[in-house]
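Please read the structure below before turning to the comments.
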Amino acid sequence: MNPIELYQSFYCIYQERNLTKAGKILGLSQPALSLHLQSLERHRKEVLFRRTSRDLIPTDAAKRLYVQIAGPMEELERIEKTTKPKEKIAKLRIGSAKEIFLEKVLPNLAKMGTSFYVRYGHPQELMEALRKQEIDFVISNQKLNLPGLHYQELYKETFGLVVSKSIRLDSHFPFRGETKPKIETIKSWMENQHWFVYSEDFAIVRRFWKFNFDSRPKIKEYSVIPNLHDIKTALEFGKGISVLPTYLLGKNTSLYINEKNCQGFENQLYLVSRETEPQSLKEFYQRLKSWMEEESI
């Protein structure tokens with residue numbers, strides 16, 4: 001580990017006398033900062049702080065070290081302030097699921113003429129990239145218990161039952177009449193359809209099933225397509241059913257959407273950033289919210 005980085009961590013810890021507070025300033029987690037301190041103590045072969053239940057008490061060795069490095073560190077801070085541009089992100093670095101980014105963010109972001117970098121992935125891996133400062137914020141459908149992250153409610157996506165157009169012509173299609181079919185009839189019919197699902201664990205379908213039937217799905221035939229856009233395409237060209245977010249469908253879709261007989265569900269999306277995010281990201285949050293709330297064409 002770079003000794004200069006260790007001295008920088010020590011300098012901040014000495015001033016704050018608290019790992020959590022110092023970590024927020026440096027953009028590091030408490031365990032990472034504690035590891036820096038331990039490494040520096042091994043490097044210098046001396047104990048630098050005595051730990052109490054709330055704070056860190058510097059030893060005489062720490063006081064001598066602080067006197068030695070305080071001047072150079074202050075000079076580096078002065079140089080940084082004079083050369084570093086004011087809070088401005090040259091390139092927005094975004095982490096997101098592919099579908100929501102393509103439908104709600106990309107069309108508007110591309111019009112801005114702003115440079116950006118996007119990384120697609122699952123919430124866990126994107127959050128880790130955020131903590132490592134590899135990206136600036138994440139659009140996530142999960143709220144993970146990770147330190148140093150700030151969550152803001154961004155948008156509620158609505159999922160509902162979607163059926164291929166050709167299935168509507170089937171004589172056993174339960175939604176043909178004006179009378180609402182019995183819940184057991186709907187359930188039995190769904191169990192015998194070919195499903196297009198996002199994952200082997202049926203995560204989205206399971207939630208839909210719980211809302212409507214208060215049980216777990218017993219699907220006999222299904223195909224796994226780990227992309228919601230591709231599931232939509234499969235429904236349009238093939239024969240099957242699925243559960244998709246309504247923003248993906250638009251007003252002129254050829255697919256059958258049932259919002260009358262089957263209950264959809266809402267899924268909260270968050271804008272996740274580091275707790276030390278710059279002001280420019282807070283301003284961008286409002287712009288993102290307006291993009292999310294725009295109706296799909």
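The values are calculated or read from the model by the stated rules, or taken from the named source; none is laboratory data. Worth saying up front: this structure is predicted, and the values here are computed from it rather than measured. Here the Cβ is made from the backbone with ideal geometry for all residues, glycine too, and neighbour counts use every protein chain on show. Accessible surface is based on the protein model in full, side chains and every heavy atom, while ligands, DNA and RNA are left aside. Shrake-Rupley method; radii C 1.70, N 1.55, O 1.52, S 1.80 Å.
Here, the stretch 170-228 has an Rg and a Dmax of 12.4, 35 Å when only alpha carbons are counted.
Computed over protein heavy atoms with a 1.4 Å probe, the carbon and sulfur contribution to the accessible area of the stretch 177-245 reaches 50%.
With both labels modelled 7 Å from their Cα along Cα-to-Cβ, the Ser290 to Asp60 distance reads 6.3 nm. Over all alpha-carbon pairs in the stretch 153-297, figure out the percentage whose distance exceeds 23 Å. Value for the stretch 153-297 (Cα pairs over 23 Å): 41 percent. Distance between the modelled labels on Leu76 and Glu200, one decimal in nanometres: 4.8 nm (7 Å Cα→Cβ projection). Computed over the alpha carbons of the stretch 125-210, Rg followed by Dmax gives 19.5, 56 Å. The ellipsoid that matches the Cα gyration tensor of the chain has semi-axes, each √(5λ) in whole angstrom, of 53, 22, 14, with the longest given first. Two numbers describe the Cα atoms of the stretch 102-154: Rg and Dmax, which are 12.1, 35 Å. Local charge sum around Glu46 (other residues, Cβ-Cβ under 11 Å, Lys/Arg +1, Asp/Glu -1)? Summing Lys/Arg as +1 and Asp/Glu as -1 gives +2.
Please find the FRET efficiency linking Lys111 to Glu221, where r is the Cβ-Cβ separation and R0 is fixed at 35 Å, and quote it to the nearest 0.05. The formula returns an efficiency of 0.25 here. The angle between the Cα long axis of helix 60-83 and the longest principal axis of the Cα atoms of the chain comes to about 60 degrees, rounded to the nearest 10.
Where the accessible area of the stretch 24-65 is counted over protein heavy atoms with a 1.4 Å probe, how much of it, in %, is carbon and sulfur? Carbon-and-sulfur percentage of accessible area, whole number: 51. Values of log10 I(q)/I(0) for the stretch 81-226 across q = 0.11, 0.19 Å⁻¹ run -0.63, -1.21, by the Debye formula with one identical scatterer at each alpha carbon and no solvent. When a/c is below 1.5 the answer is rounded, else prolate if a/b is larger than b/c, else oblate, so apply that to the stretch 52-160 with a ≥ b ≥ c taken from the square roots of the Cα gyration tensor eigenvalues. Because a/c hits 1.5 or more and a/b fails to exceed b/c, the stretch 52-160 counts as oblate. Once the mean of 1/r is taken over each pair of separate Cα atoms and inverted, the stretch 236-276 shows a Kirkwood hydrodynamic radius of 13.4 Å.
For the residue pair Glu236 and Lys210, what label-to-label distance in nm results when each label sits 7 Å from Cα along the Cα-to-beta-carbon direction? For the pair Glu236/Lys210, the computed spacing is 3.1 nm.
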